Amino acid sequence: MRLARVRGSALPETAVCIGVALTLLFGALEFALLGYDQVNADGAAWLAAHEAGLGLSTTSVTNAVKTPFGAAAANGVALNALPPDDTTVPVDYDYQQQGQRHGGASLVREAHEAATVTTAGVSPFVGALGKAAQVASSVIEPSVVFTNFGYDVQGVGYNTNSGVFNNHNAYFTTDANVPPYYVGFAFMQYCPTGTAFTASCSGQKSVDLGLAEYLDDDNYGASLTGVQTGGTFATMACHQREYVKLLNDVFTSSTLESNSPTLSKYNETQQADLVAIYHWDSTYDGALHPTNGC
Amino acid sequence: MFSRHAQRGQVLPLYAFGMMSLLALCFFLFQYATTIRWQVRAQTAADAAAAAALSVQTLQWNQEMMALHAASVEEYRIRRLTQTLLLVAHYSGGCSATPSTSAGVCATDFATLQPQLVAAVKRYGDDIALLHQLSYPTAASQASDANTVVQALQANCGTPLGGDCAFDYTMTAYSQRSDMQAVSENPNEVMVGAGTIPAISANVEPARVEVVVCKDVKPIIPSILGLKLPTFRAIGRAAATTAMVTEEWLDPGTIVNPATNAVFLPKETEAPSRAVSAGAYDWYTLNFGGNNAVAYPSEDAYQLSSENDELSAYTGWWSTIQMQPFAGPLNEASISCAE
């Protein structure tokens, strides 16, 4: 066999083998790079959803994503605020007025924040063939929003969310974000003329009970807690003492009248005690001085 | 010399190089995915720990609010009973009597109502005692409680009471949240502090906490060709705060269980009804009235109406919500990191 006849005979085999090998290798490399992009997009979507759930703006979320996952992923972030799940059990407490409700309302609802990251993908090989690969990933994380802010925590479409979620805001920027005990107050209203309390009642009175005081400046700043002197709830202990005093005044009477002793004595003593008790209270339009007499 | 035999294996180095490169790429891809997985796991652990750290304060405040609510209802009952007893003592309020000869029915009513006042005052005393028991935590003790919870998560890891055993937990910051909205009047439209927002004691301010979890994650392959691969530090950092998430108010006799159509809490009648003819007012019934707040679609807001003598006793339930970390740049030297 002459060398000239042998020379180059392996070239076609080599060309085929190298071609197949390179195709396989570049294909595998392409998949590896796509895998990298997918993992990158997954991480970026998760981070974006998590940060958006904390109430960050779109710009802040983008900046947060850019550092660990790159500008390409950050620029591909799309956020979508999703309403809470529908109420599965319809709640209509007021049997007389359907569509209205009493009893309670959620201030902070469990909403969601969806983030989708779409990147063009780094695909130098397949891309060169006109098949630019695109990867995308979506993640949903919980978010904190106050729906229907502005004194309307129930509002339109409470069950369906449709009306509520259009009017939502991050918790920390709404009027729900108030000091503790703001909504933990109580007062009683009554008609002083002894008639039914209706719109026709004139001169209606409002008296503040224990809880109403918690918005007063003298207990917000109390350095002590509890009901002891100087404590946040000290006034309630004072009230308790006055009530006990009222009972003692009534039941320890030594000058009972023969005709209707208990009633008469109660009549005398309780009026004085009630003057003290109601001196705690304010009138409807008056200043709040719940600690008067305490 | 050229021969077919001599040309065998020419592709092998290229193939081997390619395979090595591919394997290296796969390794780094896997390592990257592992890094992200650990980071997500760390953040999840931190989120849960931050929420748990404030559970003591939320539990404390929920119990406190419950006691306050009960005390308020009882105080309303006492006030109403005292008013009613005074009316009865005046032979008024609907009871019939001939004062010159006998107290008549008024005496009977008085005898019925009086023990109820005694019982109500006793219950009020119980409420106050309970409130006092619940109300001692200070801002400092609340911070200590939060740290205890975080340490308990570490100690009880792997159990339903614990956290993720892979991480070390550190409470890196605890303070009171002072970014609340200004409140210059109470919902009864009464100005407080002459319209100036009063300083609030730290004891009753919602807390915020920051928790960091950490683990040094070793690479799956410690070294390649003598090259030691770096350790990845997975850090999860999360913050949470307490917030009132639900508001409720009392409305006995009105709030109906949809399943049974029966009221959850009926109106109270302290003595047999003796409505006063004028206005058909019954001093012996404790209607409570409730806040009677309803949502009117046309108003897109609450609307309050008073249809009875009214007790407005709101209460709310506290829980934890997540928030952005607030303590500035993280000082890694201050945290513990699991290996």
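Numbers for the structure displayed
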{"item": "Every pair of residues 6+ apart whose Cβ atoms lie under 7 Å, when the first sits in the range B:137-152 and is within 17 Å of B:Trp61 (Cα to Cα) while the second is open to solvent by less than 40 Å² (accessible area, probe 1.4 Å) and among the β-branched types (Val, Ile, Thr)", "result": "B:Pro137/A:Thr225; B:Thr138/A:Thr225; B:Ala146/B:Val209"}
{"item": "Top-ranked residue in the range A:71-83 [being without any contact (Cβ under 8 Å) to a residue 40 or more places away in the chain and closer than 17 Å to A:Val139 by Cβ; ranked as most open to solvent (accessible area, probe 1.4 Å)]", "result": "A:Asn80"}
{"item": "Some residue of the range B:77-90 being of a type in the set (Lys, Arg) and more than 9 Å from chain A (Cβ to nearest Cβ)", "result": "yes"}
{"item": "Residue in the range B:87-110 that is open to solvent by less than 40 Å² (accessible area, probe 1.4 Å) and of a type in the set (S, T, N, Q) present", "result": "no"}
{"item": "Count - residues of the range A:73-114 that are modelled with pLDDT under 85 and either small (Gly, Ala, Ser) or in a loop (DSSP other than H, G, I, E, B) (or both)", "result": "27"}
{"item": "Condition met for B:Leu59 (within 7 Å of chain A (Cβ to nearest Cβ) and surrounded by fewer than 19 Cβ atoms within 10 Å (Cβ to Cβ))", "result": "no"}
{"item": "Qualifying position, being open to solvent by 30 Å² or more (accessible area, probe 1.4 Å) and either within 26 Å of B:Trp318 (Cα to Cα) or at pLDDT 95 or above (or both), among B:Asn186, B:Asn203, B:Asn156", "result": "B:Asn156"}
{"item": "Any hit, the range B:45-55, residues being part of a helix (DSSP H, G or I), within 7 Å of chain A (Cβ to nearest Cβ) and touching a helix residue (DSSP H, G or I) at 6+ places or on another chain (Cβ under 7 Å)", "result": "no"}
{"item": "Residue within the range B:23-37 that is in contact with an Asp or Glu (Cβ under 9 Å, 6 or more places away or on another chain), of a type in the set (A, V, I, L, M) and buried (at least 22 other Cβ atoms within 10 Å of the Cβ) present", "result": "no"}
{"item": "Residue satisfying condition, being closer than 27 Å to B:Tyr32 by Cα, modelled with pLDDT under 80 and either open to solvent by 40 Å² or more (accessible area, probe 1.4 Å) or within 7 Å of chain B (Cβ to nearest Cβ) (or both), within set A:Leu11, A:Leu22", "result": "A:Leu22"}
{"item": "Options B:Tyr76, B:Tyr124; residue that is open to solvent by less than 50 Å² (accessible area, probe 1.4 Å), touching a helix residue (DSSP H, G or I) at 6+ places or on another chain (Cβ under 7 Å) and either part of a helix (DSSP H, G or I) or in contact (Cβ under 8 Å) with a residue 40 or more places away in the chain (or both)", "result": "B:Tyr124"}
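The values are calculated or read from the model by the stated rules, or taken from the named source; none is laboratory data. The shown structure was predicted, so the numbers you read here are calculated from the model rather than taken from an experiment. Please note: Cβ atoms are built from the backbone with ideal geometry, for glycine as well, and neighbour counts cover all protein chains shown. Accessible surface is based on the protein model in full, side chains and every heavy atom, while ligands, DNA and RNA are left aside. Shrake-Rupley method; radii C 1.70, N 1.55, O 1.52, S 1.80 Å.
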